[in-house]
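Remarks on the structure that follows.
Each reported figure results from applying straightforward, stated rules to the coordinates on display, with no laboratory input. If you're wondering where the values come from, they're calculated on a predicted model, not measured in any experiment. Every residue, glycine as well, gets a Cβ built from its backbone with ideal geometry; the counts of neighbours run over all protein chains shown.
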Amino acid sequence: MLDIKFIRENPTLVRDAARKKHLVFDVDKLVELDKIRREAMTEVEAMRAQLNATSAEIAKIEDEESKKKSIEEVGSLKSDLKNREEKLVKLNEEFEVLMYAVPNIPDPSVPDGKTDADNVEVRKVGDIPAITNPKDHITLLKDLDLADFERGTKVAGFRGYFLKNEAVILSMALWQFAMSELRAKGFTALTTPSLATDANFLGTGYFPQGKEDVFHTQDDLSLVGTSEVSTMGMLRDEILKEEEFPKKYAAFSACYRREIGTHGKDTKGLYRVHEFWKVEQVVLCRADHVESVRLHEEITANAEELLQKLGLHYRVVLNCGGDLGQGQVKKYDIETWVPSQQKYGETHSASYFHDFQTRRLGIRYKDSEGKMRFAHSLNNTAIASPRILINILEQYQTQDGYIKVPEVLQKYTGFNTIPSKTS
RNA sequence: GGAGGCGUGGCUGAGUGGUUGAAAGCAGCACACUGCUAAUGUGUUAAGGGCCAAAAGCCCUUCGGAGGUUCGAAUCCUCCCGCCUCCGCCA
């Protein structure tokens, strides 16, 4: 959500933002509605003022007879007011719908483009591992008895899976590794609720537009697709202390995604699943663009450092306008090398929002001049598993059929290799 | 599952139908004073919004949330949410 005053003064910026993000949004309609709404508001408020003044007078009247008379006189004013209030409520509802659909303004450095195919590569890090005839992760998982997809779908339906044996331990090692690294950088470790109320989804920008993408329960709670929802929600309606900034959280939770728009895509294996686990970096800072940018680079670097320590080859891409979410100002995706496909697959996503989320969530602080301000927010993946297992298994496979465990994980796994089970 | 209690400003906490947007304390800010670095005194400090070019000013809304009663509600009624206590149940 943006400040209506900003929208009023900069309709062109909003219009351009929608165009760049390839979103349909009618700014002129919003500005016009805002005008009508304010006129109605002024009217209603004037009537309320009159009513309030009259009530105050009535309180002072001693004589019962004239008191009664004054009370009767208020009647018509009240019914008139009620009518106008009802109209105003409707206008406000319409206004709110549009306000929740306003796109945030992308940074000028965001390239034009429609889909992820138009994203711009920023850098490649590490070397493409030299593996002849690499097996894909599904084959590896089956050969080494690390997953069961058949019974996964039996139990959980399409995209269901069981991880088994070393794959389980490897996943847990990854979470521990990510947590330890981030804690060493001053992040606060959290486990967060996977079930959350609508307000949290609305506040982070996933609702109302993305309502179809999440699982709902019969108790008005929905399953989060990322712990960003619950972590940001944790601070909803709070007034924070400026000196606490930047607040950095390493938030771990199960994540659930319906993947309704992707039915035909990535139907095999661990790349696109309904249920996974993720350590997420969530950061709040003071309302300062430069600080947001600095931290955005920092959380991107944090994720890269994890990948480097894991010895994985990856690249960073700058997402184009069409590949940005409604609230995102700028986003880097980190794509990690998948040898069997000879291409990169998305494993991380780092974005910043300015005050788009915090304005919806009501996360504020008092600045040094005593002015109330909305904080800025950012987030990035640290490690999402099982997806990252694809890259590890494939990049660490050997010609002999076993898989080496990345050195930094060995102290968590307690083993150095995942042996081949096939003879 | 049963019974009861509670939810007030950054924090603690008073307030049960009419200048109460809300006492008091703490914290914050400003000024004054003190030769000692923190105390004392005085004043001041809620948020969101509308009118306005802006300031000043005026006005509206907000005492967990949503409705209702009333000329008038933090205060009465209904529902919902959250917290606490006791009993039961389960581990």
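Taking a straight line from the alpha carbon of A:Lys211, these aspartates and glutamates sit under 15 Å away, with near neighbours fewer than eight places off in the same chain left out: A:Asp198, A:Asp220, A:Glu259.
Among the chymotrypsin sites (Phe, Trp or Tyr not before Pro) in region A:196-266, those located in a DSSP loop and surrounded by at most 16 other Cβ atoms within 10 Å of their own Cβ are A:Phe215. A cut-off of 5 Å between modelled amide H atoms, ignoring neighbours fewer than 5 places along the same chain, links A:Thr347 with A:Ile334, A:Glu335, A:Thr336. Computed extension length for A:Glu39-A:Lys241: 69.1 nm, one decimal, from 0.36 nm per residue of separation with the Cα-Cα distance subtracted. For region A:352-413, applying the loop criterion from DSSP together with a ceiling of 14 other beta carbons within 10 Å to the trypsin sites (Lys or Arg not before Pro) yields A:Lys371.
Between the alpha-carbon centers of region A:279-309 and region A:126-189, tell me the distance in whole angstrom. If we compute the Cα centre of each part, the gap is 24 Å.
Mind scanning A:Lys35/A:Lys87; A:Lys20/A:Lys343; A:Lys154/A:Lys421; A:Lys21/A:Lys124; A:Lys135/A:Lys421 and naming the pairs with a C-alpha gap bigger than 20 Å? Result: A:Lys20/A:Lys343; A:Lys154/A:Lys421; A:Lys21/A:Lys124 exceed 20 Å.
How much FRET efficiency would the formula 1/(1 + (r/R0)^6) give for A:Asn83 and A:Asp145, where r is the Cβ-Cβ distance and R0 is 60 Å, rounded to 0.05?
0.25
Other residues within the sphere of radius under 12 Å centred on the Cβ of A:Ser180, judged by their own Cβ, net out at +3 (K and R +1, D and E -1).
The simple spin-label model puts a point 7 Å past each Cα toward its Cβ; for A:Asp16 and A:Phe415 those points are separated by 5.7 nm. The antiparallel fraction among DSSP beta bridges confined to chain A stands at about 90%.
Note: relative contact order over chain A, using C-alpha pairs below 8 Å and six or more positions apart, is 21 percent. Each residue of region A:226-237 is assigned a 3J(HN,Hα), and the resulting list reads 6, 6, 3, 4, 6, 5, 5, x, 4, 9, 4, 6 Hz, derived from the Karplus form 6.51 cos²θ - 1.76 cosθ + 1.60 (θ = phi - 60°), x at Gly and Pro. Of the GluC sites (Glu not before Pro) found in region A:189-240, the ones in coil according to DSSP and having at most 15 other Cβ atoms within 10 Å of their Cβ are A:Glu238.
Normalised by the number of residues in region A:4-99, what is the relative contact order in percent for Cα pairs under 8 Å and 6+ residues apart? Dividing the mean separation by the residue count of region A:4-99 yields 35 percent.
Around the amide H of A:Thr417, modelled in the peptide plane, lie the amide H atoms of A:Val405, all under 5 Å away and 5 or more residues distant in sequence or on another chain. Here the relative contact order of region A:236-378, from alpha carbon pairs under 8 Å that lie six or more residues apart, stands at 28 percent. For region A:343-350, 3J(HN,Hα) computed residue by residue from phi via the Karplus equation (6.51, -1.76, 1.60; θ = phi - 60°) reads 8, 9, x, 5, 10, 9, 8, 10 Hz, glycine and proline entered as x.
In the elastic network of chain A, a GNM with C-alpha springs shorter than 10 Å, the most mobile of A:Val317, A:Val110, A:Val290 is A:Val290. Each Lys or Arg adds one and each Asp or Glu takes one away; over the other residues whose Cβ falls under 14 Å from the Cβ of A:Glu93, this sums to -2.
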